[in-house]
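First comes the structure, then the notes that go with it.
The values are calculated or read from the model by the stated rules, or taken from the named source; none is laboratory data. Fair warning: this is a prediction, and the values are worked out from it, not measured in the lab. All Cβ positions, glycine included, derive from the backbone under ideal geometry; neighbour counts span all protein chains shown.
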């Protein structure tokens with residue numbers, strides 16, 4: 001096929017006005033279908049991601065019944081040797097390290113109570129001391 005015939009096939013000047021309107025309508029309809037499908041996909045993705053529980057009730061009562069707040073506070077006051085066995089450092093060393101890094105690990109949230117820097121440090125030290133998973137230590141300390 002000669003080049004001018006190929007170019008003529010795609011040139012809009014050879015297309016009548018009705019066919020041009022039909023072509024534009026088809027393009028607009030295809031765009032509407034594509035946008036509708038993408039909106040529906042986004043909505044279904046959001047539905048899948050919605051959680052039924054924002055904070056589990058167990059963790060809402062962390063400050064009252066959490067293992068760190070109950071056990072570690074008692075160990076800290078009455079049995080510094082066992083506290084050192086848990087954190088692998090003395091109470092004074094723990095406090096010194098906490099003062100050094102407290103600003104860096106402090107969290108803030110308007111929606112739920114963040115985990116305190118003391119608990120974060122205790123979980124990290126326990127992880128480093130035992131080599132067990134973070135989830136194992138988190139569950140053991142009710143964090």
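Before moving on, here are some points about what is shown:
- When each of 42, 73 is tested for being at pLDDT 70 or above and not assigned by TED's automatic domain parsing to the domain that holds residue 111, the lone residue that passes is 42.
- Residue within segment 95-115 that is surrounded by 13 or more Cβ atoms within 10 Å (Cβ to Cβ), in contact (Cβ under 8 Å) with a residue 24 or more places away in the chain and not in a helix (DSSP H, G or I) present: yes
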